[in-house]
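Comments concern the structure below.
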Amino acid sequence: MAKVIRAIETKLIHAGEPEPLIGGAVAMPIFQSATFAYRGEQTYHDLRYIRLSNTPNHEVLHRKLAALENAEAALVTASGMAAISTTLLALLGADGHLLAQDCLYGGTHDLLTSDLPALGIKTDFIDGNDPASWRQRLTQRTRAIYVETVSNPLMGVADLRAVVEFANAHGLVSIIDNTFASPVNFRPAEMGFDLSLHSCTKYLNGHSDIVAGAVIGRSELVRKVAHKLNHLGGVLDPHACFLLHRGMKTLAVRVRYQNESALKIARFLEAHPKVRQVNYPGLESSPDHLRACELLDGFGGMLSFEVEGGVAAANGFIAHVTLPISAPSLGGVESLITRPATTSHSGMSAEERSRAGIAEGLIRFSVGLEATEDLIEDFTRALAAC
Ligand code: PLP
């Protein structure tokens with residue numbers, strides 16, 4: 001009888017797995033072979049070779065990732081930035097134009113403002129909450145519109161439905177970086193997005209031990225990106241594929257716990273007299289709360305906040321917490337804390353950060369799997385000391 005694979009928890013374990021199991025192995029074996037014997041392939045892109053992302057370790061991930069987001073196809077890449085850069089290069093072409101949300105991961109922002117213009121690719125930034133203003137930014141060369149599900153580091157949720165409608169109305173490819181939400185909290189293909197991108201370094205792998213990326217969505221577009229990746233070479237190696245596959249199996253239990261824990265911590269911070277501002281879409285005070293309730297299945301494990309006293313107090317707080325590790329990145333089992341002005345968004349000028357609403361003293365917190373009470377106790381002590 002065929003397996004019943006419906007819920008995301010079941011897909012994480014069973015979707016896309018080889019049948020029958022290879023040699024009976026319950027865990028996917030690592031195919032550490034650069035090349036594979038010919039089986040009558042017709043084109044260059046079908047030869048089996050690690051750089052062409054078609055070893056058994058790649059293919060199992062492609063099937064599973066597509067199933068998780070109810071999308072047609074998926075492709076893994078060597079990092080989140082490889083997924084983003086390869087996708088944009090594949091879709092925009094020379095002299096292409098992109099509309100992108102104004103508050104984005106700093107690496108993406110740098111790629112759009114520092115690297116792509118040299119190739120003739122231009123970007124105009126748009127306010128994700130103001131669809132009426134997008135039309136005036138369209139040009140003859142606009143090919144795509146790019147947003148993040150939950151924006152980094154202010155945790156805003158843009159008008160995602162309007163993005164899909166706008167893209168459909170104007171013949172653009174709609175692209176969304178779904179890293180912060182993960183497929184547990186949001187599945188872009190269900191809303192009609194053409195492509196969803198991930199830094200699998202974060203929630204999908206979840207253990208802070210690899211960098212990896214993914215492109216998930218319509219098969220003809222994923223194929224186009226895959227062909228570009230075959231030439232640019234930013235592919236995931238089989239051992240990293242194995243680690244990503246292993247980490248992904250626990251995605252749902254991790255993310256659901258992180259959703260709950262982050263909401264409790266956000267509420268604690270919001271009620272604390274030394275905290276000036278908390279950014280978390282699960283809080284009723286968030287300007288995007290109602291939209292987040294409507295669009296997302298969970299508010300995520302990321303929050304950001306400002307303490308009274310600016311940069312000095314923020315540095316004092318980070319120095320006094322004992323459980324979170326002061327390090328960039330997010331989405332792992334351990335809580336991580338950073339100041340975006342010095343880490344993820346340091347590539348932006350102070351003026352650009354200020355325009356995007358990112359205070360110099362803003363603290364970003366990635367909630368891990370520690371007990372929520374222990375994290376709150378740690379925060380209470382650090383707030384008293386800073
Ligand atoms: N997208 C988002 C939202 C991120 O936060 C990051 C990294 O922090 C990236 C993409 C880039 O991912 P990677 O570091 O795997 O290249």
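The values are calculated or read from the model by the stated rules, or taken from the named source; none is laboratory data. Not measured: the values here are computed from a predicted model. Backbone-built Cβ (ideal geometry, glycine too); neighbour counts: all protein chains shown. Just so you know, the surface numbers come from the protein's heavy atoms only, side chains and all, with ligands and any DNA or RNA stripped out. Shrake-Rupley method; radii C 1.70, N 1.55, O 1.52, S 1.80 Å.
Accessible area per residue of segment 251-385 at 1.4 Å probe, in Å²?
Values: 5570 Å² over 135 residues.
I get 41 Å² per residue for this part.
Measure off, as a whole percent, the carbon and sulfur share of the 1.4 Å-probe accessible area of the chain, all protein chains present. Provide the component values of the computation, followed by the final result.
On the way: 8450 of 15830 Å².
Within the chain, the accessible surface is 53 percent carbon and sulfur.
Would you mind working out the magnitude of the charge dipole of the chain relative to its Cα centre, with +1 at each Lys and Arg C-beta and -1 at each Asp and Glu C-beta, to the nearest 20 Debye? Numbers along the way, then the final one.
Values: 34 positive and 41 negative charges, 161 e Å.
Result for the chain is approximately 780 debye, rounded to the nearest 20.
Can you list the residues of segment 153-194 with backbone N under 18 Å from a point 7 Å past the Cα of Gln277, pointing along Cα to Cβ?
It comes to 153-158, nothing else.
Using Cα pairs closer than 8 Å and at least 6 residues apart in sequence, work out the relative contact order for segment 205-304, in percent. All intermediate terms of the calculation are to be shown ahead of the outcome.
Numbers: 72 pairs, mean separation 25.2, N = 100.
Result for segment 205-304 is 25 percent.
Percent relative contact order of the chain, based on C-alpha pairs within less than 8 angstrom and at least six residues apart? Walk me through the intermediate numbers first.
Values: 781 pairs, mean separation 66.0, N = 386.
Over the chain, the number comes to 17 percent.
Taking H as built 1.01 Å from N, whose amide H comes closer than 5 Å to the amide H of Ile126, not counting residues under 5 places away?
Here the answer is Ala100, Gln101, Asp102, since their amide H atoms fall under 5 Å of that of Ile126.
Between segment 19-95 and segment 182-226, what is the C-alpha centre distance in whole Å?
Centre-to-centre (Cα) distance: 13 Å.
If I take every Cα pair under 8 Å that is 6 or more residues apart in segment 251-385, average their sequence separation and divide by the length, what percent do I get for the relative contact order? Working shown, then result.
Values: 215 pairs, mean separation 36.7, N = 135.
That works out to 27 percent.
For segment 292-308 and segment 100-133, write down the distance between their C-alpha centroids in whole Å.
Distance between centres, Cα-based: 23 Å.
How long is the gain from His45 to His289 if the chain were fully straight, where each residue apart is worth 0.36 nm and the alpha carbon distance is subtracted? Working shown, then result.
Details: separation 244, 0.36 × 244 = 87.84 nm, distance 4.47 nm.
In short, 83.4 nm is gained.
Kindly report the accessible area of segment 1-153 per residue (heavy atoms of protein chains, probe 1.4 Å, no ligands, DNA or RNA), in Å².
Numbers: 7230 Å² over 153 residues.
So segment 1-153 comes to 47 Å² accessible per residue, rounded to a whole number.
Which FRET efficiency value, to the nearest 0.05, is calculated for Asp130 and Ser329 with the Förster distance at 35 angstrom and r the Cβ-Cβ distance? Don't jump to the answer; show the numbers that get you there.
Values: r = 31 Å, r/R0 = 0.88.
The value I calculate is 0.70.
So which chymotrypsin sites (Phe, Trp or Tyr not before Pro) in segment 1-89 end up in coil per DSSP with only 12 or fewer other C-beta atoms within 10 Å? Walk me through the numbers before you get to the answer.
Values: sites: Phe31, Phe36, Tyr38, Tyr44, Tyr49; in loops: Phe31, Phe36, Tyr38.
Passing both the DSSP loop test and the Cβ count: Tyr38.
Using the Karplus curve 6.51 cos²θ - 1.76 cosθ + 1.60 with θ = phi - 60°, what ³J(HN,Hα) values do you get for each residue of segment 23-33, in whole Hz, with x for Gly and Pro?
x, x, 5, 6, 9, 4, x, 8, 8, 8, 9
Between Thr108, Thr35, His58, whose Cα lies farthest towards the positive end of the dipole of segment 8-248 when Lys and Arg beta carbons carry +1 and Asp and Glu beta carbons carry -1, centred on the Cα centre?
Ranked along the dipole, the leading option is Thr35.
Measure up Lys11/Lys264; Lys64/Lys249; Lys202/Lys224; Lys3/Lys202; Lys64/Lys202; Lys11/Lys224 against 19 Å on the Cα-Cα distance and list the ones that go over.
On the way: Lys11/Lys264 28 Å; Lys64/Lys249 10 Å; Lys202/Lys224 25 Å; Lys3/Lys202 29 Å; Lys64/Lys202 17 Å; Lys11/Lys224 26 Å.
Table pairs above 19 Å Cα-Cα are Lys11/Lys264; Lys202/Lys224; Lys3/Lys202; Lys11/Lys224.
Between Ala162 and Glu190, what length in nm is gained on full extension when 0.36 nm per residue of separation is reduced by their alpha carbon distance?
Numbers: separation 28, 0.36 × 28 = 10.08 nm, distance 1.42 nm.
In short, 8.7 nm is gained.
Which whole-Hz couplings ³J(HN,Hα) result when phi for each residue of segment 348-354 is put into the Karplus expression 6.51 cos²θ - 1.76 cosθ + 1.60, θ = phi - 60°, listed in order with x for Gly and Pro?
Using θ = phi - 60°, the values come out as 8, 6, 4, 5, 5, 5, 4 Hz.
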